[in-house]
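The values are calculated or read from the model by the stated rules, or taken from the named source; none is laboratory data. Everything numeric here is computed off the predicted structure, so don't read it as measured data. Positions of Cβ are generated from backbone atoms using ideal geometry, with glycine treated the same way; all protein chains shown enter the neighbour counts.
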């Protein structure tokens, strides 16, 4: 069974930057609860899991993707603060880091092993995509509405919906990791 300690080990350097101890604890609890509900047994299982079933991930796993999106959104925010003469909006870095770590937590429920060494969409995943199941998990552990917004609205479910600035940054970082792989498959990525 995946423990809170496992989650802290996977994401320790990012978790340490969340200054609100209660928020940090709830992020870890959400990850642990999702792993428990879906029956993920080991960190090795999580490291074997692709971050999407929609295209060839070229070996990029779910954990690597989560870290990349979180760090990408964080550095996009930091770059804006460094480059802009005056910030037109406030970025809450605790919410940004929490949202980044949790944006795809619902994929723990959406994916399962296929019995042949790969992964497939689970029954739960057929019923509700990861933005919905992830938001439900996050709500259950008591995460704030703004983090729920990030999870619920980081993908197509958020199109045209009100979004926190942290959600916008995470969305951009997420699709910045996904779109090039899709374009490679289609032969439209210029390299």
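Looking across 73, 34, 77, 124, one residue alone is in contact (Cβ under 8 Å) with a residue 60 or more places away in the chain, assigned to a helix (DSSP H, G or I), farther than 26 Å from residue 168 by Cα and touching a helix residue (DSSP H, G or I) at 6+ places or on another chain (Cβ under 9 Å). It is 124.
Please find, among 26, 16, the residue that is out of contact with any helix residue (DSSP H, G or I) (no Cβ under 7 Å at 6 or more places or on another chain) and crowded, with 17+ Cβ neighbours inside 10 Å.
Answer to the check: 26.
Name every residue in segment 9-20 that is closer than 19 Å to residue 74 by Cα and assigned to a helix (DSSP H, G or I), in order of residue number. Answer for segment 9-20, where residues must be closer than 19 Å to residue 74 by Cα and assigned to a helix (DSSP H, G or I): 10, 11, 12, 13, 14, 15. When only residues in segment 111-129 that are within 16 Å of residue 35 (Cα to Cα) and over 19 Å from the mean Cα position of the chain (by Cα) count, which is surrounded by the fewest Cβ atoms within 10 Å (Cβ to Cβ)? Among them, the one singled out is 123. Among the residues of segment 153-191, those that are assigned to a helix (DSSP H, G or I), free of Cβ contacts under 8 Å to residues at least 12 places away in the same chain and more than 18 Å from residue 104 (Cα to Cα) comprise 180, 183, 186.
I'd like to know if segment 41-55 contains one or more residues that are modelled with pLDDT of 95 or more, touching a strand residue (DSSP E or B) at 6+ places or on another chain (Cβ under 9 Å), under 18 Å from residue 137 (Cα atoms) and part of a helix (DSSP H, G or I). Scanning segment 41-55, I find at least one residue that is modelled with pLDDT of 95 or more, touching a strand residue (DSSP E or B) at 6+ places or on another chain (Cβ under 9 Å), under 18 Å from residue 137 (Cα atoms) and part of a helix (DSSP H, G or I), so the answer is yes.
Of all residues in segment 60-95, how many are within 17 Å of the chain's Cα centre (by Cα) and surrounded by fewer than 14 Cβ atoms within 10 Å (Cβ to Cβ)? Looking only at that region, the number is 1. When residue 100 is tested against (1) part of a helix (DSSP H, G or I); (2) exposed (fewer than 13 other Cβ atoms within 10 Å of the Cβ), just one condition goes unmet, and that condition is (2).
Every test in (1) surrounded by 15 or more Cβ atoms within 10 Å (Cβ to Cβ); (2) at positive phi is passed by residue 146 save one, and that test is (2).
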